[in-house]
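Working notes, beginning with the structure itself.
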Amino acid sequence: MGYVARCPSCGREYDDPLRFRCDCGSPLDIPVQPGEFRREGVVDTPSMWRYVNFFPYVEKRNIVSLGEGWTPLLRFESNAYVKMDFLNPTGSFKDRGASTIISAIRDRVTGFISEDSSGNAGASTAAYAARAGIKARIYVPANISGHKIDQIMAYGAELVRVEGSREEVSKEAMRPEQGKVYVGHAWHPVFRDGMRTLAYEIVEQLGWNPPDRIYVPVSSGTGLLGILEGLKHLGEPFPEVVACQTEVVSPLYHRFRGEPYAPPERLETIADALIVTKPPLLDIMVEKLREMRGSVEIVGEGEIADAFHELAGRGIFVEPTSAVSLACYRKQVEMGEVDRGDRAVLLLTGSGLKTKPSIIKRLLAGRN
Ligand SMILES: [Zn+2]
């Protein structure tokens, strides 16, 4: 079925799409051939499955779709565009990954799928499982609440609350059990692979003329790595991908610059979808960003709030997490790091409607 996942650490290869981790413990990677993307291979369908021919391990008859992808690329100002990926079926860009993995493995699931996420990935996985008629079990931290949890339950997924750290939640979700298939976005190479479609869409929507810069909010690294792989597959010239994080949660920013990083005791940030302090894909992110000549940026809470209000004030209501891409762009323009004439694309990942009401209230109260 044309599937090969490779371990970036020891080189071992696997042809089983149910594998999410190497025997050596490293996450796996699905390599693409640089520059091998062919425009002739694009199918005329208004969803991300217009690129189905670049996913040889997905059989067309197995595609589980809710109409994900092919989201608008909107001109925001003369040289900046926003990729409206929060307009996906569940309100987040993670639908690309969920649609891909469930399409790839649906034939193999006899029991249920599992995912560890209290956020967008959990909601996406629950939605696509429902669409495929597969049972989903979503593992979340014990005391979590909010719209995303309600959304996960509305899709009919079983919610399992786990006491302890975020790592404990992951461990429970991955723990082998009869009939369980782990599809978690933070580990699974197929989930991440679906994110390649973002790169194809951005470049196609600009008339196959790649932008100079792409700003991507980064937490577990799913979107960032998918976009980098897609760009590599499209071939040179590569846009500069800017990995955007917050001052509160910035493990990639620090590792990339060779600086130590210690997360604060309490993760207080309005960008509440960017809270992964120890992403399993951290080493792979650093390596791929270097290989593709990408860079890193961070912004503070005030800058994120300003960007959120700027977007909403122009009719675009996103999660504050999504506004981190605009905030990083604004910061770099101000510092003179973006050349005049550079064309930039800012990825908007999640809908404002999914934000915790307490955070929206705080943002509205603080507006001047
Ligand atoms: Zn290995």
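The values are calculated or read from the model by the stated rules, or taken from the named source; none is laboratory data. This is a predicted model, so every value here is computed, not measured. Heads up, the Cβs are rebuilt from the backbone with ideal geometry, glycines too, and the neighbour counts pull from every protein chain shown. Ligands, DNA and RNA are stripped out before the accessible areas are found, and what is left, the full protein with its side chains, is counted by its heavy atoms. Shrake-Rupley method; radii C 1.70, N 1.55, O 1.52, S 1.80 Å.
Data overview
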| read-out | value |
| --- | --- |
| Residue tally, condition open to solvent by 10 Å² or more (accessible area, probe 1.4 Å), over 19 Å from residue 102 (Cα atoms) and either touching a strand residue (DSSP E or B) at 6+ places or on another chain (Cβ under 6 Å) or part of a helix (DSSP H, G or I) (or both), over the stretch 171-202 | 2 |
| Test: residue in the stretch 102-118 that is closer than 21 Å to residue 352 by Cα and assigned by TED's automatic domain parsing to the domain that holds residue 181 | yes |
| Number of the condition not met by residue 70 [criteria: (1) farther than 23 Å from residue 319 by Cα; (2) open to solvent by 70 Å² or more (accessible area, probe 1.4 Å); (3) in a loop (DSSP other than H, G, I, E, B)] | (1) |
| Residue count for the stretch 10-25, restricted to those that are within 14 Å of the ligand (Cβ to nearest atom), in a loop (DSSP other than H, G, I, E, B) and touching a residue at least 24 places away in the same chain (Cβ under 8 Å) | 1 |
| Selection count where residues are among the aliphatic types (A, V, I, L, M), touching a Ser or Thr at 6+ places or on another chain (Cβ under 9 Å) and within 30 Å of residue 41 (Cβ to Cβ), scope the stretch 234-257 | 3 |
| Hits in the stretch 232-280 - residues which are more than 19 Å from residue 337 (Cβ to Cβ) and among the acidic types (Asp, Glu) | 236, 265, 268, 272 |
| Test: residue in the stretch 134-152 that is assigned by TED's automatic domain parsing to the domain that holds residue 251, in contact (Cβ under 8 Å) with a residue 40 or more places away in the chain and under 16 Å from residue 102 (Cβ atoms) | no |
| Which numbered condition residue 142 fails, given (1) over 16 Å from residue 273 (Cα atoms); (2) modelled with pLDDT of 95 or more; (3) open to solvent by less than 50 Å² (accessible area, probe 1.4 Å) | (2) |
| Matching entry among 87, 66 (being touching a Pro at 6+ places or on another chain (Cβ under 8 Å), away from the ligand (no atom under 16 Å from the Cβ) and in the same structural domain as residue 292 (by TED's automatic domain parsing)) | 87 |
| Residue match in the stretch 247-254 (condition: closer than 25 Å to residue 113 by Cβ, out of contact with any strand residue (DSSP E or B) (no Cβ under 6 Å at 6 or more places or on another chain) and either outside any helix (DSSP H, G or I) or modelled with pLDDT of 95 or more (or both)) | no |
| Residue ID - farthest from the ligand (Cβ to nearest atom), chosen from residues in the stretch 26-60 that are open to solvent by 60 Å² or more (accessible area, probe 1.4 Å) and not charged (D, E, K, R) | 46 |
